Amino acid sequence: MSAYLGQIGAIAWKDLLLELRTRERVVAMGAFAVLAAVLFNYSIDRTVVRPQDIGAGLIWMTIVFGGLLGVGRTFHLEAEDGALQGVLMSPVPKDAIFLGKTLSNFVLLYIVSLLVVAVFMLFFGMELGTSPPMLALALALGALGFVALGTLFAAVSSGTRMGETLLPILLFPLLIPVIVFGAGATGRLLSGRPVSEVVGNIRMLAAFALMAVAAGSVLFRFVVED
Amino acid sequence: MSGKGMRLTGTALAGLGLLGMLLVYSLSFFWVSTELSQGVAQRIFYVHVPAAWTTFLAFGIAAFTSGMYLWLRDERLDRAALAAAEGGMIFATIMLTTGPLWGKIAWGTYWTWDPRLTSTLLMWFIFLGYFMVRNSTENPEKGKRFAAVVAIVGALDIPFIHLSVVWFRSLHPDPIVLKPDRPSLPADMLIVLLTSVLSFTMIFLGLFLLRYALETLRAGQQARAREATA
């Protein structure tokens with residue numbers, strides 16, 4: 001068991017180290033988040049709608065689109081010089097590779113999600129709401145469900161001719177639960193409603209994340225086999 | 001079943017189903033009583049509900065045979081998944097076109113973000129992803145595996161999608177036949193509905209067999225072409 005966790009950690013650390021040195025994906029996603037917030041500001045008429053009313057939805061749309069940018073490139077660097085073959089041939093079970101990749105994507109996307117929330121607070125003067133820890137939990141579970149399916153389908157789409165263009169078509173229909181429960185919980189927490197109102201949403205986000213991680217770990221080996 | 005037997009059975013089933021549809025149309029236009037509150041528009045129900053049932057049947061077959069394909073790697077299972085997914089997409093399209101036509105009259109709007117409407121629309125897109133993935137790989141075997149993964153994840157996700165959109169308020173009429181106590185539909189309406197469900201299922205199974213036989217022929221032809229070049 002600890003050997004297995006070590007393997008997951010090694011894969012995740014390798015990806016995060018690469019990211020630490022190149023800073024490609026996190027900078028791209030972070031810049032996207034800030035710029036999207038700027039565009040949102042000019043796309044809504046503040047005399048008609050208050051940014052607080054639609055903030056939760058915009059936060060989640062920014063996370064999903066920005067996340068797609070980073071998750072889509074999960075296998076990019078490795079595909080370029082055949083390094084993925086090396087990783088796949090190493091004596092690490094395929095599901096550990098999947099879990100490691102998901103973990104590193106999760107760390108990146110979670111950093112970006114917190115940045116998105118911070119940017120919206122700053123730009124639109126929104127308050128952190130009832131319970132910042134619950135908000136952080138909702139973001140974490142939503143991000144986990146997203147990256148688990150995202151990593152699986154990034155492996156699928158990078159094996160096709162269409163590449164990353166295919167990813168949103170495969171991913172968006174499946175992400176409705178993340179948006180519904182995530183944006184629902186975020187909206188309520190930001191507008192100061194009690195924590196008891198979002199417990200159901202949080203549970204559903206956790207169940208979805210569990211399903212996504214389990215499905216990905218089982219199915220990943222069928223995607224990468226050759 | 002041999003290829004020829006399958007084509008004959010498929011043609012017979014689809015033909016019987018089409019005859020059944022003629023019966024359903026005549027019954028629903030001239031025989032069955034008109035529903036009190038919705039009027040004539042309710043009659044589209046005899047096409048809409050069977051199409052919905054067939055879509056779910058097709059999705060179930062596609063997901064199940066996809067899972068079995070990944071496990072056993074039998075080409076026949078992949079052909080069955082493809083044939084079911086194509087049928088499912090046709091019937092999902094029927095459901096998505098008849099629904100809004102009725103909705104415009106009954107609800108006053110073509111589209112609402114109702115759970116059942118939303119889940120069906122997303123199911124249609126999952127089918128679309130299935131075909132796009134399948135057709136965009138250099139190596140056909142890879143495309144089959146990818147498509148199977150899409151079908152399985154789609155089937156696992158559908159309950160979550162449905163639950164999540166139920167979180168929003170629902171406008172769609174509640175189930176009236178498949179519910180815990182007895183169906184609350186008058187006898188004549190139930191007869192037409194069941195005839196239509198039977199006809200739709202036969203048309204689907206007929207198309208399924210024909211599509212499957214076609215795919216088998218195609219695979220055989222490709223194998224012969226490979227042999228000839230080798």
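Where a number appears in this text, it was derived from the coordinates with a stated rule and is not lab data. Remember, it's a predicted structure, so these values are computed and weren't measured experimentally. Every residue, glycine among them, receives a Cβ derived from its backbone with ideal geometry; neighbour counts consider all protein chains shown.
Some points to look at:
- By the rule of a C-alpha distance below 26 Å, with chain neighbours fewer than 8 residues away ignored, the lysines paired with A:Lys14 are A:Lys94, A:Lys101.
- Across chain A, the longest piece that holds none of the trypsin sites (Lys or Arg not before Pro) lying in DSSP loops with up to 15 other C-beta atoms within 10 Å covers A:47-160.
- What the phi angles of the range B:125-130 give under the Karplus curve with 6.51, -1.76 and 1.60, with θ = phi - 60°, is a coupling list of 5, 5, 4, 4, x, 4 Hz, glycine and proline written as x.
- Alpha carbon Rg of the protein assembly as shown, scaled by the compact-globule rule 2.2 N^0.38 Å: 1.10
- Across chain A, the relative contact order, built from alpha-carbon pairs under 8 Å that are at least six residues apart, equals 27 percent.
- In sequence order, the range B:72-78 has phi-based couplings of 9, 6, 8, 4, 5, 5, 5 Hz under the Karplus curve 6.51 cos²θ - 1.76 cosθ + 1.60, θ = phi - 60°, and Gly or Pro positions carry x.
- Viscosity 1.567 mPa s, 4 °C: Kirkwood-radius Stokes-Einstein D of the range B:82-145 over Cα pairs, µm²/s: 98 µm²/s
- Longest site-free stretch - chain B; sites: trypsin sites (Lys or Arg not before Pro), DSSP loop, at most 16 other Cβ within 10 Å: B:74-168
- Other residues with beta-carbon under 12 Å from the beta-carbon of B:Ala14 carry, at +1 per Lys or Arg and -1 per Asp or Glu, a net charge of +2.
- Largest first, the extents of the alpha carbon coordinates of the range A:2-224 on the three principal axes equal 57, 34, 30 Å.
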